[in-house]
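Colleague: I'd like to ask you about the structure that follows.
FYI, it's all coordinate maths here, none of it is from the lab. Keep in mind it's a predicted model, so treat the numbers as computed, not measured. Cβ placement follows ideal geometry from the backbone for every residue including glycine, while neighbour counts extend to all protein chains displayed.
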Amino acid sequence: MRKVIHRKLSKNFLRLGLVFLLAFTNTLSAQEGDPAKGKSLFNANCAACHKLDKKMTGPALRNVEARLAEEEGLDREWLYAWIKNSAGVIKSGDAYANKIYKEYGGAAMTAFPQLSNEDIDNILAYTAEEKKVAPPTPPNPDGGTDTATSGGISNEIILGALAILFILLAAGLYLVNKTLRRFASAQGIDLPESSSRTPLWKAFIQNQFLMLVVAIFFLLSSAYFVYGYLSQIGVDQGYQPVQPIHFSHKIHAGDNGVDCKYCHSSARVSKTSGIPSLNVCMNCHKSIYEYTGETSPEYSKEFYDGEIKKLYAAAGWDDAEQKYTGESSPVKWVRIHNLPDFAYFNHSQHVTVAGVECQTCHGPVEEMEVMYQHAPLTMGWCINCHRETNIDVKDNAYYTKIHEELSKKYGVDELTAAQMGGLECGKCHY
Amino acid sequence: MSSNKKYWKSVEELNENSSIVETLKQNEFVAEIPTDEFLGDKETLESSSTTRRDFLKYVGFSTAAASLAACEGPVKKSIPYVVQPVEIIPGVANYYATTIANGFDFASVLVKTREGRPIKIENNTMATTNGSANARVNASVLGLYDSLRVQGPKKGDASISWSDFDSETTKKLTDIAAANKDIVLLTQTFASPSTSKLISEFKEKYGNVRHVVYDAVSESAALDAYQAKYGERGLANYDFAKAMTIVSVGADFLGDWQGGGFDSGYSKNRVPDHGKMSRHVQFESNMSLTGANADKRVPLTPSQQKIALAKLHSQIVGGSVSGDLPTHIEDAVKKAASQLKKAGSNGVVVTGINDVNAQAVAIEINEALGSKAFDPKTPIKTRQGNDKAVAQLVADMKAGKVAAIIMSGVNPIYTLANASDFAEGLKKTELSVAFSMKADETSTQTQYIAAAPHYLESWGDVELKKGHYALMQPTIRPLFDTRQFQEALLKWNGNDVSYHDYIKDAWGTSILGGSSFNKALHDGAYVGTIATEVEDTADVVEEENATPFGNAARSLAASAKSEGLELTLYTKVGMGDGQQANNPWLQEFPDPITRTSWDNYLTVSKADADRIGLTNKHVANGALNGSYANVTVNGVTVTAPVMIQPGQAKGSVGLALGYGRTAGLKEEMQTGVNAYALYQNANNVQSVTIEPATGEHEFASVQLHNTLMGRGDIVRETTLEIFNTKDRDVWNKVPTVSLNHEETPVTSPDVDLWDEFDRSIGHHFNLSIDLNACTGCGACVIACHAENNVPVVGKTEVRRSRDMHWLRIDRYYSSEESFEGDDNKKDNISGLGSSLSEFGELENASENPQVVFQPVMCQHCNHAPCETVCPVAATSHGRQGQNHMAYNRCVGTRYCANNCPYKVRRFNWFLYNGNDEFDYHMNDDLGRMVLNPDVVVRSRGVMEKCSMCIQKTQKTILDAKRDGREIKDGEFQTACSAACSNGAMSFGDINDKDSKVAKLLKDDRMYHLLESVGTKPNVQYHTKVRNTTEA
């Protein structure tokens, strides 16, 4: 399957690449296109196979027109023809067309008859732009840290000042008191001593009833805490292990809005959601070889690019040669959500039948830079949801009859999962 | 007043001078307690540097360390594919149609695979040519994960590579062929058109090649008889669904007779329909599965069988035969004959006597009757062995005439009676190769072991019956460095194509006739429309005597002589010919008749046992012990344990083949005695002398009480006559209790202690078991084992009644001639004296008892006694009628098992999946691959039981929900109901009023087990009806 995709894609890419190559060569002078429009057209049509500065499925396209004109003597007309129908150009026996077709492993570029000459001009204008040298990233682009730090300091100063003031006041009071006493003794006034009543703590100890109440309270509360401690054993809420590849759900599901089930496709039909196999990663990462999104001091662009390299190493993808080496090593992910063996859970029941959002159990995954266990995954947690969630019976012929009869029996409009039998032991334990 | 009474503590005190009495006054014990013995020798103790204090420190430290270490949760890794195969979705099962053809079992099956590993064998409903999967076929998946398989080619004890193997063997073969010496291919029955083609190509290439087909358990006589009559080597096909009167003389056709697979056809006519059912008369010596199912069973010795068959022939076909039979047998033969004549073309006669004349007689009778069930036109091809060719081969080998022998699928040093001759001959060959999955008795004696793959890893094709083809396809990549025989033949023939391509090509040219190969592969079978002639490659030794027909009956009767006891060798439903002896499921599978696992034994009638002095007795824990006997045939003696078998014909004994293997088996599986040593001239009947031997054998029986004691309400029985003429209340009365002095049926809500829970909405599952259709074959038992991860506990644990089968098939014998007699006897008991003596008598099975099988699993009572006594509510009831068992909640009080009237709950005494004492598949990294990932593996200290395959019902429901559709009848299945091809088990939803089980619930024959207890089970039974009408 991998191979098939690979071939098809590269075919398409190649064709496009050639078109561009040719298109740009000839009309060095004719820079009449609009680079801005060209950029959007490029991203929509060409970017799947071509980059400006990097060879991908198809060749790199920076200054393609100039290059073709210089090296091969091909003009813009040739590029128009190539982009609109590369196969035709190849068929016509054009020498360069055939050469590049062979160079990229016989993968033909998709034909783009829908692009007008003007569109192509725009694209070429875009490719002819000079490469922008990225300005060095400022250490704190937003300067947010500074503000935050200064805010923190000012708070601390205020607090410190208040504390000093308080100490000064206390000391002042003590000194006043001491001075007053000294005056009193100097003037021979007897200060009344406090009467020798039994101290409160002693009275407390002597009161057996109070002691009993306290003891009971103490026992109960310690039992409560012991119970609480024991019942969290084996509950790994918040479990956030370090993974062999730093995969950011935030970037994939959040920033790029990739659907969860694009990668975790078996969640629709199987009991397991499935950790995507590396060929699924490579569907996109064959062309996404670098990270271009937002970065932070902790996770720099170099860091993310390094993680993509790890993926390439695992999948056995040679990015320079744009081909698989065949030497792959499976990634040993650390499993985060672990249900005990005696509990049966089926993703498809919840995802496909009930239409539950993944986030209901897995939390705001699209915000998680590092994945962690959001829910406690305890039986009480399961049961609660089954009690509170109505079942989705719309357009499901399986439920029609049973729902009608059961809702009549319970006198409700909508049944919960519990009323459907979702609390029975054997539904999850077998 | 003081008493002068003196109390004696023991008789010893009467002896005034006893020193013991004196000692006991001072000491607690007479002798010194031998503490030194268990404290070990003093020197080591004293020289040890570890003081008591140190020891305690170590204990304390290690305990603390262990508990600290346990605080850390384990890190679990999850490793996805690098490239996920398109057809695999983790968590979803794939099914592949394939065919088992191991030389003994041939069946089209469906293999369930999970994440690429086969975990269960199921019936292929699209390919039913050779019956369905029996217990052995169901268990065969475990053979794939046998850790004792040969993992690569071997030369002697050393491993070699396949390329070395190829070059060395090819060179030797070429040399031998050049020297014009004999090359022999000794193989199992492949019944494979492609293999036959390959072998003929091999013959062409190497010249002097002889192909000898060898069946460990021979059907040679029947093959010879068929060949003599119809000119083709095969076995007549029988379709018992077309027979209303069946007479069998010594044929265990519900067992392994002529390859088996006849039971589903047989069962079709056993269920009374419009007042009619088939009539089955069985003449036999051993109590077989077939005899147990018969309406009338006549025990007689093998020599009497011959006369009986001859007489049957003379009465139907004509002619006269001599020979004497006891009057009651004579009478039975006459009645059978008249019944057959009356039935005409609806009658059929089969025989299991391994004698050409007998087989010829049976063919003649069926021809004379014009039997519809008898079908000589599409012969069965799954047995092709030739005894004479094998005997000739052994003689030639011994004479040093065979230069090369290549074996596949056979183990002659284990299965031949003259194995030592064969072994001697084997040493004289220049080249010996055995294609084998095991380093077994034979392959360890050959020069090369060519590691063979399991059938689930192989390609292949089979012609089950003439024109009925089946395909074998791999369901997993080979686990080891193995190569199948056919691939090697291709290599030797210098052909570079793969066997898969070879089959595809062969099918395309000669079998399919234009149909799609892929469709045939998908379906697993193809029924040809064009009759194809595949060259018979097995070389046939010329018959010296002419066709047996014409004079067969007279020669048959003349050949019947009896000297002393007659031994009939048979194969067990569980073990078959013994090639799967390392399969713990099959070892623990209780024999349907004796209900004994892990053993074979000499079955002896009570009368003979008493005469010879052989006994069976129950020891203190209830388990069965038996004496040993020396069984001698022509100077060969084996010592076998004795099992007294009701129904065994006087003057006959029986012993099962397939046990007593020692090579290539785990120690636990080396059970029983090798009866092949007595299988002389491949004749299953031998005359023997039997002497008692010393010692006592410990049996592992799962049922220790054999009779029903007249409790007719457990297994309801009636006769066809009563069933047809009388009201339901007469033969299947609902038990009543007295309420306000009125007899009220126990099913009435008025006499119920409990409020009925409303189950009318949603699904309500019922399992229906028809005692008429159930033959007791046990396929369901193994299917349940495989589906539900039921552990194997081993012989000693079975002996302690700790077997774990979730589904058992109870077998009961009648104490009188019939169960009706038992009931009458019990009802007529009056007074204490009579009750003591007659209940005592009822414990003993009759000499020729009626037999009944009753599968029992959890009855899923709506008012379950187990649920009310569980202190932790670990077992509870679901709305869908299933009694749930939450293992993680169970604390192991076993109250539930004690309160269960059906005794279906099983307690996990040990951690069977993590205790080295139990060296079976669950304790073996390879064996664990067979576990079903949808069912939890239970831990120690919990109760387990049949769940009514809730994982399967839930899956069916989920699939329907996902598709958004209603569930059709027949979609719901349990492992047992899916495995039962006899129609004895039906499963479904009774809230679906049109479903089969809903209709069966209203059937007149329906009753519930122990209905009087008021448990309201969700398992229905259907009264057994016997056709006792004599003609």
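Colleague: So what is the calculated 222 nm ellipticity per residue for the protein assembly as shown, using -39500 (n - 2.57) for each DSSP H run with n of 4 or more, over all residues, to the nearest 500 deg cm²/dmol? It would help to have the intermediate numbers written out before the result.
Modeller: Numbers: 50 runs with 505 residues, N = 1461.
Counting only the DSSP helices, I get -10000 deg cm²/dmol.
Colleague: Then there is this: With +1 on the Cβ of every Lys and Arg and -1 on the Cβ of every Asp and Glu, and nothing else charged, how large is the dipole of the protein assembly as shown about its Cα centre, in debye rounded to the nearest 20? Intermediate values should be presented prior to the final figure.
Modeller: Working: 147 positive and 174 negative charges, 227 e Å.
Once rounded to the nearest 20, the dipole reads 1100 debye.
Colleague: Shape verdict for the stretch B:248-383, please, from the Cα gyration tensor: rounded (a/c under 1.5), prolate (a/b greater than b/c) or oblate.
Modeller: The shape class here is rounded.
Colleague: I would also like to ask the following. Just want the ordering: B:F757, B:F699, from fewest to most Cβ atoms lying within 10 Å of their own Cβ.
Modeller: Values: B:F757 11, B:F699 23.
So the residues, fewest neighbours to most, are B:F757, B:F699.
Colleague: Provide the FRET efficiency to the nearest 0.05 for the B:D752-A:V269 pair, computing r from the beta carbons and using R0 = 56 Å. Write down the numbers at each step before the final one.
Modeller: On the way: r = 44 Å, r/R0 = 0.78.
It comes to 0.80.
Colleague: Using each residue's phi in the stretch B:361-373, evaluate 6.51 cos²θ - 1.76 cosθ + 1.60 at θ = phi - 60° and report the 3J(HN,Hα) Karplus result to the nearest Hz, with x for Gly and Pro.
Modeller: 4, 4, 4, 4, 4, 5, 5, 5, 6, x, 4, 6, 6
Colleague: Ok, one more. Restricting the count to DSSP beta bridges whose residues both fall in chain B, what percent are antiparallel, rounded to a multiple of 5?
Modeller: Among the beta bridges of chain B, antiparallel pairing accounts for roughly 60 percent.
Colleague: Counting only residues 5 or more places away or on other chains, whose amide H sits under 5 Å from the amide H of B:N1027 once H atoms are built in the peptide plane?
Modeller: Residues meeting the amide H criterion: B:L720.
Colleague: Assuming R0 = 25 Å, can you tell me the calculated FRET efficiency for the pair B:N824 and B:R611, based on Cβ-Cβ distance, to the nearest 0.05? Please report the intermediate quantities before stating the final value.
Modeller: Details: r = 31 Å, r/R0 = 1.23.
Plugging the Cβ-Cβ distance into 1/(1 + (r/R0)^6) gives 0.20.
Colleague: Apply 1/(1 + (r/R0)^6) to the Cβ-Cβ distance of B:K334 and B:T1028, taking R0 = 22 Å, and write down the FRET efficiency to the nearest 0.05.
Modeller: Efficiency computed from Cβ-Cβ geometry: 0.85.
Colleague: Spin-label point model (7 Å from Cα, Cβ direction): what's the B:S515 to B:S420 distance in nm?
Modeller: Those two pseudo-labels are separated by 5.2 nm.
Colleague: List the residues, sorted by chain then number, that are 5 or more residues from B:L300 or on another chain and whose placed amide H is less than 5 Å from its amide H.
Modeller: B:E284, B:S285, B:A649
Colleague: To two decimal places, what compactness ratio does chain B give when its Cα radius of gyration is scaled by 2.2 N^0.38 Å? If you can, show how the numbers build up before the last one.
Modeller: Working: Rg = 31.0 Å, N = 1031, 2.2 N^0.38 = 30.7 Å.
That ratio works out to 1.01.
Colleague: Sort out for me the Cα centre separation of the stretch B:224-279 from the stretch B:700-734, rounded to whole Å.
Modeller: The stretch B:224-279 and the stretch B:700-734 have Cα centres spaced 27 Å from each other.
Colleague: Based only on other Cβ atoms within 10 Å, what is the fewest-to-most ordering of B:V30, A:V64? Could you put the intermediate results ahead of the total?
Modeller: On the way: B:V30 11, A:V64 26.
Fewest to most other Cβ atoms nearby, the residues stand as B:V30, A:V64.
Colleague: Oh, and also: Does anyone have the angle between helix A:117-127 and the longest principal axis of chain A? Alpha-carbon axes, 0 to 90°, nearest 10?
Modeller: That works out to roughly 60 degrees.
Colleague: State the extension gain, in nm to one decimal, for the chain segment bounded by A:Q359 and A:D34, taking 0.36 nm per residue of separation less the distance between their alpha-carbons. Don't skip to the answer; put the middle values down first.
Modeller: Details: separation 325, 0.36 × 325 = 117.00 nm, distance 4.34 nm.
Between A:Q359 and A:D34, full extension yields 112.7 nm more.
Colleague: How large is ³J(HN,Hα), in whole Hz, for each residue of the stretch B:758-772 in order, when computed from phi with the Karplus curve 6.51 cos²θ - 1.76 cosθ + 1.60 and θ = phi - 60°, using x for Gly and Pro?
Modeller: 6, 10, 7, 10, x, 9, 9, 7, 9, 10, 10, 10, 9, 5, 6
Colleague: What is the distance, in nm, between label points placed 7 Å from the Cα along the Cα-to-Cβ direction at B:A65 and at A:E156?
Modeller: In this crude label model, B:A65 to A:E156 measures out at 4.4 nm.
Colleague: When the chain is fully extended, how far beyond the present Cα-Cα distance does B:A31 get from B:Y7, taking 0.36 nm per residue of separation?
Modeller: Details: separation 24, 0.36 × 24 = 8.64 nm, distance 2.37 nm.
Here the segment from B:A31 to B:Y7 would lengthen by 6.3 nm.
Colleague: Continuing with this model, one more query. So who's got an amide H within less than 5 Å of the one on B:Q1020, skipping anything under 5 residues away but keeping other chains? H placed 1.01 Å off N, in plane.
Modeller: Long-range HN contacts for B:Q1020: B:L767, B:S768, B:I769.
Colleague: Right, something else. Roughly what would the spin-label model give for B:M709 and B:A620, points 7 Å off Cα along C-beta, in nm?
Modeller: Here the answer is 2.4 nm between the modelled labels.
Colleague: Among DSSP beta bridges whose residues both lie in the protein assembly as shown, state the antiparallel percentage, nearest 5.
Modeller: On the way: 86 of 137 bridges.
Just about 65 percent of them are antiparallel.
Colleague: What list do you get for B:V619, B:V935, B:V604, B:V150 if you sort them by fewest beta carbons within 10 Å?
Modeller: Values: B:V619 11, B:V935 18, B:V604 27, B:V150 24.
The most exposed by this proxy come first: B:V619, B:V935, B:V150, B:V604.
Colleague: Taking a label point 7 Å from the Cα of B:E721 along the Cα→Cβ vector, which residues of the stretch B:303-338 have an amide N closer than 18 Å to it?
Modeller: Those under the cut-off are B:332, B:335-336, B:338.
Colleague: Residue-wise, which Karplus ³J(HN,Hα) couplings in Hz belong to the stretch A:373-390, taking 6.51 cos²θ - 1.76 cosθ + 1.60, θ = phi - 60°, and x for glycine or proline?
Modeller: Once rounded to whole Hz, the list reads 7, 7, 8, x, 6, 8, 5, x, 5, 4, 4, 4, 5, 5, 6, 9, 9, 7.
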